[in-house]
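The values are calculated or read from the model by the stated rules, or taken from the named source; none is laboratory data. The shown structure was predicted, so the numbers you read here are calculated from the model rather than taken from an experiment. Note that each Cβ is placed from the backbone with ideal geometry, even for glycine, and that neighbours are counted across all protein chains shown. For accessibility, only protein heavy atoms count, side chains too; no ligands or nucleic acids. Shrake-Rupley method; radii C 1.70, N 1.55, O 1.52, S 1.80 Å.
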Amino acid sequence: MKLKAYEHKTQYYETDQMGIIHHSNYIRWFEEARTDLLRQMGIGYEEMEARGILSPVLYVTCEYRSMTRFGDTVLIIPILKSYNGVKMTIEYSVTDKETGELRCVGETRHCFLSRDGKPVSLKRSYLEVDKMFKGALPQQEEE
């Protein structure tokens, strides 16, 4: 499945006293990109939640490589790194749209829960949704 990068134009309110983007905003951008990724896969958060599927963040990491400033436009590329029906891991890379310079890399891990907070296996209970996630996994090159 060919997915597009998520584009974000930085805003003044995202900057800190030094005039650079505050580190906490990169995590928000990951969420924006993840929401867009799910939409491109054909199962946005709205539809998942309407079906009774929740996907909380279990873990997040972000490694900063270079500064982003107000007015920059960044491309956030989310990649579904792993998925087993119960959990998923998404990797992110944030690059400057104009220069291609890497700004940061990160990862989020999620599980799937029912509305009452019980673990859900998409493989068992939501076959159509499971197929969408499997279709978004990177294709493994044959050796």
Can you send over the carbon and sulfur percentage of the accessible area for the chain, probe radius 1.4 Å, protein chains only?
-> 50 percent
Specify the residue with the greatest mean-square fluctuation among Lys97, Lys87, Lys118, computed from a Gaussian network of the chain linking alpha-carbon atoms under 10 Å apart.
-> Lys118
Quickly work out the Lys123-to-Gln17 label distance, labels modelled 7 Å from Cα along the C-beta direction, and quote it in nm with one decimal.
-> 5.1 nm
Accessible area expressed per residue, the stretch 3-143, with surrounding protein chains retained (probe 1.4 Å, Å²) = 60 Å²
For the chain, compute the number of Lys pairs whose alpha carbons are separated by less than 28 Å, excluding pairs fewer than 8 positions apart on the same chain.
-> 27
Return the whole-Å distance between the Cα centroid of the stretch 67-130 and the Cα centroid of the stretch 1-47.
-> 10 Å
The stretch 95-143: equivalent-ellipsoid semi-axes (sqrt of 5 x gyration tensor eigenvalues, Cα, Å) | 31, 19, 10
Using only Cα atoms, find the angle between the long axis of helix 24-41 and the longest principal axis of the chain, and express it within 0 to 90 degrees, rounded to the nearest 10.
-> 40 degrees
Enter the mean projected area of the convex hull around the alpha-carbon atoms of the chain, in nm², rounded to one decimal.
-> 10.0 nm²
In percent, what relative contact order does the chain have, based on Cα pairs under 8 Å that are 6 or more apart in sequence?
-> 27 percent
About the Cα centre, charge dipole magnitude for the chain (Lys/Arg +1, Asp/Glu -1 at Cβ), debye = 480 debye
The stretch 1-82: Rg/Rh from Cα coordinates, Kirkwood Rh?
-> 1.01
How far, in degrees from 0 to 90, does helix 127-136 lean away from the longest principal axis of the Cα atoms of the chain, to the nearest 10?
-> 40 degrees
